[in-house]
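Here, each number is a calculation from the coordinates, and none is a lab measurement. If you're wondering where the values come from, they're calculated on a predicted model, not measured in any experiment. With ideal geometry, Cβ positions are generated from the backbone for all residues, glycine too; neighbour counts draw on all protein chains shown.
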Amino acid sequence: MAGTKIKNPETQLPKTPQMNDRDFINDCLMTEKYLTSAYAVAVHEMSHQDLYRDVLSIYEETENVSASCIILCLKKAGTDWKPKIPKNSRKLTSNFSSTKLNSFRMEPYNNLFKGQQEGAHRGTFYFFGL
Amino acid sequence: MQQQHPSQQMMNQNQQVMSEPPARLTVKDHLYLEDMLSWNLNAVKKAHFFAGQCQDPEIKQAIEKMAMTHQQHYQKLLGHLQNEMSRQIQPPSQPQMGGMQ
């Protein structure tokens, strides 16, 4: 299914200079994105635990709102994702799945890497998870 | 002057090593809270206005929900400022010697 667009049929919307529903939902998404990046900075700076916890939960909820905006964009606004597989992706996958970690394989950790061929990142998590 | 001694001793005891920062707002917290409140207020207004303009009921509902979420955030953040205000109006039982010394 490579090259097939991830897209729903576009909802019919008036094409006028005024903002339509798609513009509104996109603007909301923009706002949420702005807010989350601002919270990410703010949460670093909070001085005490209660405040930190509250800002962190607000940050997380805002991130969830942002995610639901994206889902709505796919559902309603005809936003499409192109699942195009790059030409070198096979090479990239094989590079990352085994060779990169070979040099790290040491005797005590060998069993951790058994069956961990599918992704370099997973191997790394196991490695640092010790 | 004699009466200040016990309270000063008490203060010295209170000035022991803190295991975690006290639940007081700093200047920086205040500035961030002010910013976060204004972002949320603007987000609530904007989402509410957008919801009124939308034609699709599902989008309308989603944007209304977004407005409500931001309103809750606004209240939560405002609570921190109000806590700090009430603390200043009714000082805790600890003697506040800082200003007098």
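Of the cross-linked pairs A:LYS15/B:LYS46; A:LYS75/B:LYS46; A:LYS15/A:LYS76; A:LYS82/B:LYS46, those separated by over 24 Å at the C-alpha level are A:LYS82/B:LYS46.
Ranked by how many other Cβ atoms sit within 10 Å of their own Cβ, fewest first, the residues A:GLU61, B:GLU20 fall in the order B:GLU20, A:GLU61. Among A:CYS28, B:CYS54, A:CYS69, the order by Cβ neighbours within 10 angstrom, fewest to most, reads B:CYS54, A:CYS69, A:CYS28.
The HN-Hα couplings worked out from phi for the range A:21-29 by the Karplus form 6.51 cos²θ - 1.76 cosθ + 1.60 (θ = phi - 60°) are 4, 5, 5, 5, 5, 5, 5, 4, 4 Hz, whole numbers, x standing for Gly and Pro. In this label model, B:GLN55 and B:GLU20 are separated by 5.2 nm, measuring between points 7 Å along each Cα→Cβ vector. Listed values for the range A:46-57 are Karplus-derived 3J(HN,Hα) couplings in whole Hz (6.51 cos²θ - 1.76 cosθ + 1.60, θ = phi - 60°), namely 5, 8, 10, 4, 4, 5, 4, 4, 5, 5, 5, 5, and x replaces Gly and Pro.
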